[in-house]
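A.B. asks: Mind having a look at this structure? Questions to follow.
The values are calculated or read from the model by the stated rules, or taken from the named source; none is laboratory data. It should be emphasised that the depicted structure is a prediction, and the values quoted were computed from it without experimental measurement. Cβ: placed from backbone, ideal geometry, glycine included. Neighbour counts: every protein chain shown. Heads up: the accessible areas ignore ligands, DNA and RNA and are worked out on the full protein's heavy atoms, side chains in. Shrake-Rupley method; radii C 1.70, N 1.55, O 1.52, S 1.80 Å.
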Amino acid sequence: MPGHARYRDPKTFEMSPALVRVRAPYFWRNTLAFIVVGSIPLGVYAYTWLFLNKDEFSDIPIPPVSDEELAKLKKEYANKK
Amino acid sequence: MVVSRVTRLRSVRIESRRNASFFKKLLFLDDSDSKDANTKFYKWDESPYDDIRTRAAFIRTKALCPVTKKPVNFVCPYSGIPTHHSKEAWEQDEEYHSKKRYELLKKVNLYEHDLRSGRQFDEFVFPGEQEHDFTINMSTWDTFFYTRDFNPMNTEFNLAAASKVLTYPITMASVMTHFSPYNLQPHGPITLEGLRSLSALRYTLYPPYKQTRDTSAVLFKERPLRIFILGAKMEAMLPGYVWKQFGYLFPDSKFEIHFIGPECYFNPDTRSFTPTSEPHGRPHVKRYDEQLTLHYHTKYFHEVYDMGDLFPFDPYLDIFFLFHPGFQTANKIHWDQSLKGLLESKCAVFVTGYHEEDTRRELLYLQNHPLADEIDILMNQSKNLFGSTKLDLVDSNPTETFQANNEMFAFRGKRYHAIKK
C-alpha cells in the first residue's frame, strides 16, 4: 500500500497503534479546538431555537368567524369523512 | 440497490466503531494493544539462541551480585536474566524490587529474543527521498517515522529495532534541522551561545537567497559540511543507506561524515576493528553517493588534528558529535589531548550519554578540566528525543540497564568578538 495508508488496517481502515501514538500528543488540543469551533454553529442554532420558541404569533391577525359559518364548516368536514 | 445499502450500512458501522476506538484508545479506556505484545518468554540460560546462552554464562563468570558481592548464580524469575548470587540475595535487594528493575530487564530479554526471532523486519525498509510538499515533524520518533513515511512501528519491538540503528543519524539531524525540537532557554535546553552555533550551521544548511539560482550568492558554501564523529565504533559500522536517511533530511546540502577513533573501521575480511591501510595517515573514504561520503580515520582525534589535514575548521561548516565518549574511562589520556583541539576548532560539540548519571559524569569531567574556562555550554543536559528505545544491559552489572544516546548536552570553545578598549 502506498503512502500513509499503511498506517491503517487495510480492511477496517482502523488506525494502527503507530498512528494512534503519532496523534496522541495532539489529541487533547484538537478535541478542545473541535469543541470551541463546534460551539459556534451550535450556539447560533440554540439561540435561534430559543428565540423563535418565544414567538406566540400574537401579532398575526386571525379573521373573525361567525357561528353560522362555523356550523356550516363543521358539517362540511363531517360529510367529507 | 439493496447491495449498495447494505455496504453503506456496513461502512457506517465500521466507521462509527473506528472513531469510537480512536477516542477510547486516547482516553485510555481501551488497552487491548498493550496485551498484544506477548512474545514467548525464555530464560537466558534456556534460550534457543546460542549467543544468548553464551552471554548468560558470561554474566555468571563476570558479574557480581549487588547485595552479597559474590558471583551471580541466581536467575531472576521475572526477567529471566541471572542477576543475583542466591534467592535470598534476590529477595533482599529492595531497590531492585521497589524500582521495578526486573521490568526493564525483562524488556532487555524480550528485545534480544525478538531480534533473533527471524520475524519480518519491516522497520528496516527505509523510505527514499522526502517529497517536497511534506514537512518532517521532528518532535518525537513517532511523528518522525510518520512524516518520513516509514513503515508503521506498531509494537515496541519495531521501534526498538529501528531506533537503535537510526538514533545516530537522526540525533544529528534533530539538532541541526531548523525544525529542531530543542528550543532556546527557558523553553528548552539551548543556551544563547548554542543558538549562535546552530544558527551558523543552519545558515549553511538553509542558505538565504537560494531561490535566486544565482550561484554567486552561495559562495560561502564551497565545500561540503563536515560532521566529525569522535570515538566512533558501533556508529561507524552502520551502512551507507542508514546515513543516507540523514542526507534525505537535508537534500540541498552535501556532507562528509568523518569517523575518528582507533576502532572506527570494521574490516569485513578479518571481521575485526583494524587500522586502515591508507598511506600517510589518509582516511579510508567510502563514497555512498553524490551527496554523502564516509571517511574513516583510524587514529585518535588529537593525532588527526596535529597532522593538520582537516584544517581549517569553520563553525559554519563543521560540527562534532561524541556518542557516549566515556571521558573518564581508560581513554581519558586521549580525551585530555583531544579536548584542546576540539575547543580550538570553535565548532559545536554534541555529547551523548547512556543515561542521566553517565551524562552528568561527562559534563562534570569538562567542568573540572583545566580548560574549563575555555568552554561555553551550548545545550544544557537534557533527554535526547531521538535516543535508542532499545534497552540494553551491562554484562558486568546485570541489574543496570542503559539506552544508547539517551541524554545529550553540547559545548564549544569560547569565541567572542574583540572589544575595543
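A.B. asks: Looking at (1) touching a helix residue (DSSP H, G or I) at 6+ places or on another chain (Cβ under 8 Å); (2) part of a helix (DSSP H, G or I), which one does B:PRO152 not meet, given that it meets all the others?
C.D. replies: Against the list (1) touching a helix residue (DSSP H, G or I) at 6+ places or on another chain (Cβ under 8 Å); (2) part of a helix (DSSP H, G or I), B:PRO152 comes up short only on (2).
A.B. asks: What's the number of the only condition in (1) within 29 Å of the chain's Cα centre (by Cα); (2) at negative phi that B:GLU88 fails to meet?
C.D. replies: Condition (1) is where B:GLU88 drops out.
A.B. asks: May I pose another question? What are the pairs with Cβ atoms under 6 angstrom where one residue, in the stretch B:121-144, is in a helix (DSSP H, G or I) and the other, located anywhere, is open to solvent by 30 Å² or more (accessible area, probe 1.4 Å) and modelled with pLDDT of 90 or more? Sequence gap at least six, or different chains.
C.D. replies: The qualifying pairs are B:THR143/B:ASN137.
A.B. asks: Scan the stretch B:113-131 residue by residue and report those that are within 12 Å of another protein chain (Cβ to nearest Cβ), closer than 30 Å to B:SER47 by Cα and open to solvent by 50 Å² or more (accessible area, probe 1.4 Å).
C.D. replies: At the first step, the residues of the stretch B:113-131 found to be within 12 Å of another protein chain (Cβ to nearest Cβ) are B:122-123, B:125, B:127, B:131.
When the remaining residues are screened for being closer than 30 Å to B:SER47 by Cα, the result is B:122-123, B:125.
If the condition is that a residue be within 12 Å of another protein chain (Cβ to nearest Cβ), closer than 30 Å to B:SER47 by Cα and open to solvent by 50 Å² or more (accessible area, probe 1.4 Å), then B:ASP122, B:VAL125 are the ones that fit.
A.B. asks: Hey, another quick one. Does the stretch B:132-162 hold any residues that are open to solvent by 30 Å² or more (accessible area, probe 1.4 Å), closer than 15 Å to A:ALA24 by Cβ and of a type in the set (Phe, Trp, Tyr), and which are they?
C.D. replies: Listed by number, the list holds a single entry, B:TYR146.
A.B. asks: Conditions: (1) open to solvent by less than 20 Å² (accessible area, probe 1.4 Å); (2) closer than 16 Å to B:GLY413 by Cα; (3) at pLDDT below 90. B:ASP336 meets all but one. Number of the miss?
C.D. replies: Going through the list (1) open to solvent by less than 20 Å² (accessible area, probe 1.4 Å); (2) closer than 16 Å to B:GLY413 by Cα; (3) at pLDDT below 90, B:ASP336 breaks only (1).
A.B. asks: Kindly establish whether B:TYR168 is aromatic (Phe, Trp, Tyr) and more than 13 Å from chain A (Cβ to nearest Cβ). Step through it out loud before you land on a result.
C.D. replies: Working: aromatic (Phe, Trp, Tyr): yes; more than 13 Å from chain A (Cβ to nearest Cβ): yes.
In short, yes.
A.B. asks: Which of (1) modelled with pLDDT of 90 or more; (2) open to solvent by less than 70 Å² (accessible area, probe 1.4 Å); (3) out of contact with any helix residue (DSSP H, G or I) (no Cβ under 7 Å at 6 or more places or on another chain) is the odd one out, the single condition B:ARG412 does not satisfy?
C.D. replies: The number of the failed condition is (3).
A.B. asks: Here's a follow-up. Name the single residue, out of those in the stretch B:153-179 being of a type outside the set (D, E, K, R) and in contact with a Lys or Arg (Cβ under 6 Å, 6 or more places away or on another chain), that is farthest from A:ALA5 (Cα to Cα).
C.D. replies: Going residue by residue through the stretch B:153-179, those that are of a type outside the set (D, E, K, R) are B:153-155, B:157-163, B:165-179.
After this cut, where a residue has to be in contact with a Lys or Arg (Cβ under 6 Å, 6 or more places away or on another chain) as well, the list is B:160, B:178.
Details: B:ALA160: 23, B:HIS178: 28 Å.
Only one residue fits best here, namely B:HIS178.
A.B. asks: Hey, could you check the stretch B:380-421 for residues that are basic (Lys, Arg) and in contact with a Lys or Arg (Cβ under 9 Å, 6 or more places away or on another chain) and say which is nearest to B:LEU363 (Cα to Cα)? Spell out how you get there, then give the answer.
C.D. replies: At the first step, the residues of the stretch B:380-421 found to be basic (Lys, Arg) are B:383, B:390, B:412, B:414-415, B:420-421.
Restricting the remaining residues to those that are in contact with a Lys or Arg (Cβ under 9 Å, 6 or more places away or on another chain) gives B:390, B:412, B:414-415.
Working: B:LYS390: 24, B:ARG412: 13, B:LYS414: 16, B:ARG415: 20 Å.
Across the stretch B:380-421, the extreme among qualifying residues is B:ARG412.
A.B. asks: Also, quick follow-up: Being exposed (fewer than 14 other Cβ atoms within 10 Å of the Cβ) and among the hydroxyl-bearing types (Ser, Thr, Tyr): is that true of B:THR54 here? I'd like the intermediate steps shown before the answer.
C.D. replies: On the way: exposed (fewer than 14 other Cβ atoms within 10 Å of the Cβ): yes; among the hydroxyl-bearing types (Ser, Thr, Tyr): yes.
The answer is yes for B:THR54.
A.B. asks: What's the total number of residues in the stretch B:74-102 that are touching a helix residue (DSSP H, G or I) at 6+ places or on another chain (Cβ under 9 Å), surrounded by 15 or more Cβ atoms within 10 Å (Cβ to Cβ) and not hydrophobic (A, V, I, L, M, F, W, C)?
C.D. replies: First, the residues of the stretch B:74-102 that are touching a helix residue (DSSP H, G or I) at 6+ places or on another chain (Cβ under 9 Å): B:74-84, B:90-91, B:93, B:95-97, B:101-102.
Subsequent filtering for residues that are surrounded by 15 or more Cβ atoms within 10 Å (Cβ to Cβ) retains B:74-76, B:78-84, B:90, B:93, B:96, B:101-102.
Now restrict to residues that are not hydrophobic (A, V, I, L, M, F, W, C): B:78-80, B:82-84, B:93, B:96, B:101-102.
Residues meeting the conditions: 10.
A.B. asks: Filter the stretch A:15-31 down to the residues that are open to solvent by 50 Å² or more (accessible area, probe 1.4 Å) and either more than 12 Å from B:PHE23 (Cβ to Cβ) or modelled with pLDDT of 90 or more (or both), then identify the one that is farthest from the other protein chains (Cβ to nearest Cβ).
C.D. replies: Filtering the stretch A:15-31 for residues open to solvent by 50 Å² or more (accessible area, probe 1.4 Å) gives A:21, A:23, A:25-26, A:28-30.
Now restrict to residues that are either more than 12 Å from B:PHE23 (Cβ to Cβ) or modelled with pLDDT of 90 or more (or both): A:21, A:25-26, A:28-30.
Details: A:ARG21: 4, A:PRO25: 7, A:TYR26: 9, A:TRP28: 8, A:ARG29: 12, A:ASN30: 10 Å.
This residue is A:ARG29.
A.B. asks: Every residue in the stretch B:132-156 that is facing another protein chain (nearest Cβ under 10 Å), under 22 Å from B:GLY240 (Cβ atoms) and among the charged types (D, E, K, R), please.
C.D. replies: Once the filter is applied, which keeps residues that are facing another protein chain (nearest Cβ under 10 Å), under 22 Å from B:GLY240 (Cβ atoms) and among the charged types (D, E, K, R), the stretch B:132-156 yields only B:ASP149.
A.B. asks: Looking at (1) touching a strand residue (DSSP E or B) at 6+ places or on another chain (Cβ under 9 Å); (2) at pLDDT below 90; (3) not hydroxyl-bearing (Ser, Thr, Tyr), which is the only condition B:HIS113 fails?
C.D. replies: (1)
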